[in-house]
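The values are calculated or read from the model by the stated rules, or taken from the named source; none is laboratory data. Since we're looking at a predicted model, the values are computed, not measured. Please note: Cβ atoms are built from the backbone with ideal geometry, for glycine as well, and neighbour counts cover all protein chains shown. The area values use the complete protein model at the heavy-atom level, side chains included, leaving out ligands, DNA and RNA. Shrake-Rupley method; radii C 1.70, N 1.55, O 1.52, S 1.80 Å.
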Amino acid sequence: MPGGMIAMARTNVPSIYVYGGTIKPGKWKGKDLTIVSSFEAVGEFTAGRMSQEDFDGIERNACPSSGSCGGMYTANTMSSSFEALGMSLLYSSTMANPDDEKTGSAAESARVLVEAVKKDIKPRDIITRKSIENAVAVLMATGGSTNAVLHFLAIAHAAEIEWTIDDFERMRLKVPVICDLKPSGKYVATDLHKAGGIPQVMKVLLNAGLLHGDCLTITGKTMAEELAHVPDVPRADQDVIHTIEQALYKQGHLAILKGNLSPEGCVAKITGLKNPVITGPARVFEDESSAMAAILSDQIKAGDVIVMRYLGPKGGPGMPEMLAPTSAIIGKGLGESVGLITDGRFSGGTWGMVVGHVSPEAFVGGTIGLVQEGDSITIDALQQLIQLNVPEEEIARRRANWKQPAPRYTRGVLAKFAALAAPASKGAVTG
């Protein structure tokens with residue numbers, strides 16, 4: 001999805017984004033399931049906290065139809081934010097893929113695009129600094145994916161709009177989380193759709209002065225004009241979308257942390273946590289599979305801080321996502337008590353004491369590459385801090401002795417990407 005929007009912004013010819021739609025939730029013993037349910041079940045089952053019957057039942061019923069992952073994970077996060085950006089039709093971002101209304105919305109999108117061609121409405125007329133603020137406001141309000149930080153940095157770069165990682169923290173401080181959505185909440189995208197969808201979320205934000213109503217949309221109308229018919233207050237018979245006064249969290253959920261472990265900034269997802277602060281010993285892994293094995297074999301204990309490195313834009317290359325280990329941690333019952341930091345990234349289904357996009361990455365000599373087993377690390381989302389608690393002289397000594405490992409690829413597209421990629425804090429763009 002971000003690749004499509006980047007292309008639209010770069011080519012700047014009349015375009016509309018048509019989302020394929022979300023999956024419907026699976027069901028097992030009266031409980032809604034998503035793809036993440038299967039990953040978390042692996043951790044629960046290996047911890048002896050789940051029966052074979054439930055394990056099999058969840059895996060067989062988690063994905064009952066076509067469509068993108070069902071919570072406010074990365075695909076639904078990006079579709080929702082594209083609706084807020086003005087590049088998709090209202091309500092289109094939360095429709096279920098198998099439903100007839102999705103087909104109808106796609107047809108209507110084609111008609112709207114024809115009119116946009118006639119009116120010469122181009123993506124860069126719509127994608128502005130203010131409309132990106134609208135997209136990020138919806139990202140925060142819905143508890144969306146950490147990946148959106150990476151993606152909107154890249155989209156802004158393609159549209160030649162000034163937007164930095166610090167702008168996300170600025171938006172976080174003023175936009176509350178008003179939607180109770182998975183991964184850390186209760187509901188899925190189809191529930192959000194029934195409750196009024198992204199237009200209802202945007203109307204709440206607009207009335208609170210947290211959305212720019214004068215932004216142009218693909219229909220040729222302003223966002224305020226598009227939202228004129230939407231009720232000012234969410235329906236009383238649902239509890240998916242809350243008012244500002246009844247916000248789940250008074251501030252947004254994606255915190256930008258900095259410190260000697262990530263002077264350029266990294267991203268923490270702090271919803272669902274009673275206390276987003278931990279100091280503990282580093283458990284260091286150079287790849288995902290070895291970390292996963294350690295989690296499943298109970299080598300990771302409460303209080304540990306897992307470090308997964310050489311997984312950044314250059315080191316990965318391409319920043320692989322860490323859904324399996326983060327879900328296994330949740331399944332093991334360690335979501336509140338084990339930290340995880342990586343220069344890679346996470347699935348939108350990830351939640352817990354997790355910090356991704358650590359920059360500079362290990363492959364270019366970032367401090368995360370200098371961490372040794374047992375070092376004390378502090379993650380403190382309340383103070384926006386990520387810190388290696390080792391004397392500066394020792395860090396300098398390790399840096400002097402550090403040698404860059406051989407690249408994983410020496411030819412082909414991955415080698416080219418690794419050579420050209422900017423840091424994650426700049427969207428991992430290639431120029």
Revision key, fill the gap. Of all DSSP beta bridges having both residues in the chain, the percent classed as antiparallel (nearest 5) is 55
Study note, to complete from the structure: Ranking Asp56, Asp380, Asp125 from most to least accessible area with a 1.4 Å probe gives Asp125, Asp56, Asp380
Review point. In square angstrom, what is the accessible area per residue of the range 236-336 with a 1.4 angstrom probe?
Key: 35
Review point. Say each of Asp166 and Glu264 gets a label point 7 Å from the Cα, pointing the same way as Cα to Cβ; how far apart are those two points in nm?
Key: 1.6
Practice item. Determine the distance separating the Cα centre of the range 217-277 from the Cα centre of the range 99-125; give it in Å without decimals. Key: 27
Study note, to complete from the structure: Residue span Val13 to Lys301: 0.36 nm per residue of separation minus Cα-Cα distance leaves a gain in nm of 98.4 nm
**Study point:** Burial order of peptide ranges 143-149, 60-66 (average beta-carbon count within 10 Å, highest first)
**Key:** 143-149, 60-66
Study note, to complete from the structure: For Ala228 and Arg111, extending 7 Å from Cα along the Cα-Cβ vector and measuring point to point gives, in nm, a value of 1.9
Check your understanding: Going down the list Lys102/Lys203; Lys258/Lys314; Lys194/Lys314; Lys24/Lys314; Lys24/Lys332, which pairs span over 32 Å between their C-alpha atoms?
Key -> Lys194/Lys314; Lys24/Lys314
**Study point:** Estimated [θ] at 222 nm from DSSP helical runs (n ≥ 4, -39500 (n - 2.57)) normalised by residues in the chain, nearest 500
**Key:** -11000 deg cm²/dmol
Practice item. Would you please report the Å³ per residue occupied by the convex hull of the alpha carbon atoms in the range 61-164? Key: 102
Review point. If you add up the charges near Gly349, with Lys and Arg at +1 and Asp and Glu at -1, over every other residue whose beta carbon is less than 13 angstrom from its beta carbon, what do you get?
Key: +1
Study note, to complete from the structure: Taking Cα pairs closer than 8 Å and at least 6 residues apart, the relative contact order of the range 300-422 in percent is 26
Revision key, fill the gap. Length-normalised contact order of the range 253-299, Cα under 8 Å, at least 6 apart, in percent, tallies to 24
Review point. Cα-Cα over 29 Å: which of Lys31/Lys269; Lys182/Lys301; Lys118/Lys416?
Key: Lys118/Lys416
Revision key, fill the gap. The answer for the longest stretch of the chain without any exposed GluC sites (Glu not before Pro) (DSSP loop, at most 13 further Cβ atoms within 10 Å) is 1-159
**Study point:** Hull-based mean projected area of the range 245-348, where the convex hull spans the alpha carbons, in square nanometres
**Key:** 7.2
Exercise for review: Could you work out how far the C-alpha centroid of the range 1-41 sits from that of the range 354-421, in angstrom?
Suggested key: 31
Check your understanding: Taking only Cα atoms, what is the 0 to 90° angle, nearest 10, from helix 129-142's long axis to the longest principal axis of the chain?
Key -> 70
